[in-house]
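For reference, the structure discussed in these notes is given below.
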Amino acid sequence: MARNAAIMKTLATIIEHTRQRVASAKAREPEPSLRARAEGTPPCRDFVGVLRGPRRHAAIIAEVKRKSPSAGWMRPEYASEDFSPEVMAEKYERAGAGAISCLTDPEFFAGDLAYLARIRRTCSLPVLRKDFVVDPWQVWESRAAGADAVLLMAECLDDGALRESAAIATQLGLGVLLEIHDEANFERGLAVFQAHPGKILLGINNRDLATMKVDISHTPRLAARVPDPSWLVSESGIQTPAHLALLAQAGVRIALVGEHLMKQPDPGLALAALFSSGQG
């Protein structure tokens, strides 16, 4: 119980810190200026279309993630100021990734919003901004920073903010990964997903945010409640070809993989190993 309470306190701290960070950013740049920058960026790469397109193996969203509050630095060398997100993205692209996810939270994940543009300059894959979106303003910020897609967590947004954030994203051409874990949020997430056909992927987080325990079977359980599970993304805990095969049996062919890859000496080789079973 004490560990669970500590985890929830950490999550609450991250969200509160994010709110403060966003408030400061909004004070520095009024929304009209931010909107103008966002609308002036080059067209988005097709995050949803690329991941759902034909391919010989599962579509992997490979993540650039230096550290986390629970695991610390993924590897000691990632603490260096010379860390290069673009090198990681290039390794992932060569290994067969379908898209790149990049953590941009600076305080708890050692990310940086500037990583998005750096990755996009050296990698041809769509780039997902992964952060704690607590305000629709961050969707405009994501596009202005060069993101091709944005993560929206149902657990972090009330109904109004979730709908507004999704609407802004689709208006801007951004792909959306709408993430849920708790079954209590499943229907509200599904409603937003269905309101923007072809624009949103529904992410199932296998990690219980209250306990941090991971259960891969969480995705197949919820997939059974979706008419077409090919629009689902399984997140957290995917480490082996057998995990991808389990998801494929449920009709889920897209997965987000981060921590497992980033902890390996060569994340690109680790990604290639996930495809080693020759899945079709």
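Just to be sure I understand, if you calculate mean projected area of the Cα convex hull in nm² for this structure, which of (i) 13.8; (ii) 15.7; (iii) 19.3 do you get?
Among (i) 13.8; (ii) 15.7; (iii) 19.3, the one calculated here is (i).
Give me, ordered by chain and number, the residues 5 or more places off SER101 or on other chains with an amide H under 5 Å from its own placed amide H.
Sorted by chain and number, the residues that satisfy this are ALA62, GLU63, VAL64, LEU128.
Please go through the residue pairs LYS26/LYS67; LYS65/LYS263; LYS9/LYS130; LYS91/LYS263 and name each one whose alpha carbons sit more than 19 Å apart in this structure.
Values: LYS26/LYS67 26 Å; LYS65/LYS263 9 Å; LYS9/LYS130 21 Å; LYS91/LYS263 14 Å.
Checking Cα-Cα distances, LYS26/LYS67; LYS9/LYS130 exceed 19 Å.
Going by the alpha-carbon gyration tensor, a ≥ b ≥ c the square roots of its eigenvalues, is the range 1-133 rounded (a/c under 1.5) or, if a/c is not under 1.5, prolate (a/b greater than b/c) versus oblate?
oblate
Please report, to one decimal in angstroms, the Kirkwood hydrodynamic radius of the range 100-231 built from all distinct Cα-Cα pairs.
Over the range 100-231, the inverse of the mean reciprocal pair distance is 15.2 Å.
Order these peptides, 39-50, 83-94, by their mean beta-carbon neighbour count within 10 angstrom, highest first.
Top of the packing list down: 83-94, 39-50.
Rounded to the nearest 500 deg cm²/dmol, what is the calculated helix-only ellipticity per residue at 222 nm for the chain, with -39500 (n - 2.57) per DSSP H run of length n ≥ 4?
Computed ellipticity for the chain at 222 nm equals -13000 deg cm²/dmol.
Bear in mind these aren't lab numbers, they're just calculated from the coordinates by the rules spelled out. On a predicted model such as this, the values are computed, not experimentally measured, just so you know. For neighbour counting, all protein chains shown are included, and Cβ atoms are generated from backbone atoms with ideal geometry for every residue, glycine included.
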